[in-house]
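Written out below as structure tokens is the structure these notes cover.
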Amino acid sequence: MAALLKKLAGQTAVYGLSGMVGRFLNYLLVPLHTAQFVTSEYGIITDVYSLAAFGAILLTWGLETGFFRFSSKPDYDKHKVLQNILGFMLYSGLLFSAILLFFTDELAGALLYPENPEYILWMGFALIFDASAAIPLARLRLQEKPLRFALIQLLSISVNIGLNVFFVGFLLPAGEAGHHNFFTSLLYNPEIGVGYIFIANLVASAVKFLFTAPVYIKASLALNKKLIKQVLIYSAPLMLAGFAGMINEILDRRLIRIVLEPIVGREEALSQVGIYGAVYKLSIIITLFIQAFRYAAEPLFFSQSVQSNAKQGYVEITKWFTIITAFVFLFVMLYLDLLKHFLADESYHVGLHIVPVLLSANILLGLSYNFSIWYKLTNKTSYGAYLALFGAIITISFNLLLIPHFGYTGSAYATLAAYGGICTASYFLGQKYYPVPYKLKTMTAYLAGAWGLYLLSTVFPFQGALKYAINTLLFVIFALLTFWSERQTLSKFLMKKNEHES
């Protein structure tokens with residue numbers, strides 16, 4: 001068991017380093033954006049990107065997974081599969097481009113941006129470029145060319161970050177201060193404002209497409225209708241599940257604006273979206289760990305399934321996932337007064353009270369990934385879509401119920417309810433179809449202990465160095481209690497490590 005945990009830890013570290021660096025770098029733009037833009041302007045950024053998340057699912061049609069599936073089937077010619085999917089994506093991209101160009105104003109009005117249709121145009125084409133690059137990038141993964149895949153992705157990310165730093169960190173402040181130079185004369189337009197972020201995204205997406213576009217030489221313009229139909233039938237449920245999952249993850253930002261705008265006006269509604277979106281980024285540590293864990297754990301879950309002690313492995317993995325996320329929760333909450341400066345403008349700090357709620361919600365989301373192994377191992381994958389839809393119903397209903405009364409705070413609790421519902425449903429369904437004796441009492445004790453120590457830290461009226469000294473002591477106490485409780489597992493883990501090194 002110690003060897004399994006060691007393998008998971010190693011793979012999580014590798015995937016975390018290689019697969020999350022781009023997401024982490026993009027998170028580093030938050031201090032830059034929150035320093036330059038007021039809450040309502042950041043609300044526009046958050047709102048537009050929430051729309052883009054749904055657009056990304058629609059434009060890719062779930063075909064990445066379909067490409068993997070049909071390329072690996074022995075009774076299908078993988079070259080024809082590639083040619084036809086590329087051809088379909090080419091036609092799809094042209095269709096969406098035409099819709100975007102000819103119906104820009106109508107789309108902008110429907111999405112509540114009638115005064116700024118250029119936002120929809122810029123982000124729309126960025127999504128088309130990203131979608132067009134998706135299959136070529138998937139092909140690199142299938143060919144096991146991770147270096148080239150990573151270089152293209154990191155190049156695109158670097159362009160985006162570089163342009164953000166240039167536009168938001170230099171051009172906008174220089175232009176607003178009245179400084180005249182070559183760049184401000186050529187590029188500065190005060191009416192663009194937050195639009196510079198979308199322009200940066202558009203250029204970065206175009207760069208990604210340029211480096212993957214040569215693959216489209218292989219595209220088939222005469223599509224095999226039978227093959228494409230089969231691929232789409234396979235991929236469509238995945239797209240629907242993706243939509244449902246995105247509702248749970250992103251829709252609350254949009255609903256805050258839609259529900260509040262008629263009540264408090266556009267400016268205040270966008271301000272609440274901006275505060276919520278910015279504060280949500282403080283859960284970055286837990287989010288990044290969960291993403292790394294998913295990359296590493298899923299293949300390990302499947303490879304472990306053939307072992308006689310597979311279920312015991314799942315028990316230990318889930319327990320240690322809980323322990324680590326409890327540590328992360330406690331760390332963030334004990335040092336939130338320092339971490340809050342990640343949001344550069346103090347006007348965003350009014351939303352810090354929802355951080356523990358969002359952290360708890362993300363822990364439940366991570367646990368649901370652990371509990372969901374049952375439907376993957378029993379070939380009941382349709383339940384994954386059902387669970388996502390169940391969560392989507394909770395997300396929509398709770399947001400509509402709570403936002404009018406509590407604003408973005410209601411959205412935070414709606415997120416907690418949705419992820420809690422998915423987690424609970426997945427656990428009980430799993431116990432019916434693939435029972436695993438998870439250590440729920442132990443896991444609950446760790447999470448309750450982390451919450452308890454955090455609440456205890458709020459009782460002390462100290463500030464400054466004394467406050468952080470007490471909080472550090474509380475963190476050390478939690479660590480010592482954990483090490484004592486798990487001393488047998490840790491000693492076996494260290495013994496295995498020493499044997500390997502010797």
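The values are calculated or read from the model by the stated rules, or taken from the named source; none is laboratory data. None of the values given here were measured: they were computed from a predicted structure. Using ideal geometry, Cβ is built from the backbone for each residue, glycine included, and neighbour counts are taken over all protein chains shown.
Being assigned to a helix (DSSP H, G or I), at pLDDT 95 or above and of a type in the set (Phe, Trp, Tyr) is true for just one of Phe96, Phe68, Phe54, Phe24. Which residue is that?
On the way: Phe68 fails: at pLDDT 95 or above; Phe54 fails: at pLDDT 95 or above; Phe24 fails: at pLDDT 95 or above.
None of the others qualify; the one that does is Phe96.
Residue by residue, here is whether (1) touching a residue at least 24 places away in the same chain (Cβ under 8 Å); (2) in contact with a Cys (Cβ under 7 Å, 6 or more places away or on another chain); (3) among the aliphatic types (A, V, I, L, M) holds:
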position: Gly384; (1), (2), (3): yes, no, no
position: Ile393; (1), (2), (3): no, no, yes
position: Gly430; (1), (2), (3): yes, no, no
position: Tyr433; (1), (2), (3): yes, no, no
position: Met443; (1), (2), (3): yes, no, yes
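Filter the stretch 435-448 down to residues that are among the hydroxyl-bearing types (Ser, Thr, Tyr) and surrounded by fewer than 18 Cβ atoms within 10 Å (Cβ to Cβ) and give me whichever is farthest from His353 (Cα to Cα). If you could, list the steps in order and put the result at the bottom.
Filtering the stretch 435-448 down to residues among the hydroxyl-bearing types (Ser, Thr, Tyr) leaves 438, 442, 444, 446.
From what is left, the residues that are surrounded by fewer than 18 Cβ atoms within 10 Å (Cβ to Cβ) are 442, 444.
Numbers: Thr442: 27, Thr444: 23 Å.
Here the residue is Thr442.
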Residues in the stretch 428-464 that are outside any loop (DSSP other than H, G, I, E, B), out of contact with any Lys or Arg (no Cβ under 7 Å at 6 or more places or on another chain) and under 23 Å from Phe327 (Cβ atoms): how many? 18
Has the stretch 220-237 got at least one residue that is surrounded by fewer than 23 Cβ atoms within 10 Å (Cβ to Cβ), aliphatic (A, V, I, L, M), assigned to a helix (DSSP H, G or I) and touching a Pro at 6+ places or on another chain (Cβ under 6 Å)? no
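Looking at Gly410, Gly421, Gly351, Gly384, which is the one that is over 20 Å from Leu260 (Cα atoms) and at pLDDT 90 or above? Please lay out each step first, then the result.
Numbers: Gly410 fails: over 20 Å from Leu260 (Cα atoms); Gly351 fails: over 20 Å from Leu260 (Cα atoms); Gly384 fails: at pLDDT 90 or above.
Only one candidate qualifies: Gly421.
Can you list the helices (runs of 4 or more DSSP H) found entirely within the stretch 325-427 that contain at least 2 residues being small (Gly, Ala, Ser) and surrounded by fewer than 21 Cβ atoms within 10 Å (Cβ to Cβ)? First the steps, then the outcome.
On the way: elements: 336-339, 355-371, 373-377, 382-406.
Because the criterion is at least 2 residues that are small (Gly, Ala, Ser) and surrounded by fewer than 21 Cβ atoms within 10 Å (Cβ to Cβ), the helices (runs of 4 or more DSSP H) in the stretch 325-427 that meet it are 382-406.
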Please determine whether any residue of the stretch 210-217 is in a helix (DSSP H, G or I), touching a helix residue (DSSP H, G or I) at 6+ places or on another chain (Cβ under 7 Å) and surrounded by fewer than 15 Cβ atoms within 10 Å (Cβ to Cβ). no
For the stretch 140-158, name all the residues that are in contact (Cβ under 8 Å) with a residue 40 or more places away in the chain and either surrounded by 22 or more Cβ atoms within 10 Å (Cβ to Cβ) or acidic (Asp, Glu) (or both). Ser156
Taking the stretch 168-224, which residues are among the hydroxyl-bearing types (Ser, Thr, Tyr) and either free of Cβ contacts under 8 Å to residues at least 60 places away in the same chain or over 21 Å from Thr46 (Cα atoms) (or both)? Thr184, Ser185, Tyr188, Tyr196, Thr212, Tyr216, Ser220
If you scan the stretch 360-382, which residues turn out to be free of Cβ contacts under 8 Å to residues at least 24 places away in the same chain and hydrophobic (A, V, I, L, M, F, W, C)? none
Name the single residue, out of those in the stretch 252-263 being touching a helix residue (DSSP H, G or I) at 6+ places or on another chain (Cβ under 6 Å) and of a type in the set (A, V, I, L, M), that is farthest from Gly384 (Cα to Cα). Leu260
Residue that is aromatic (Phe, Trp, Tyr), modelled with pLDDT of 90 or more and more than 19 Å from Phe37 (Cα to Cα), where the choices are Phe167, Phe149, Phe183: Phe183
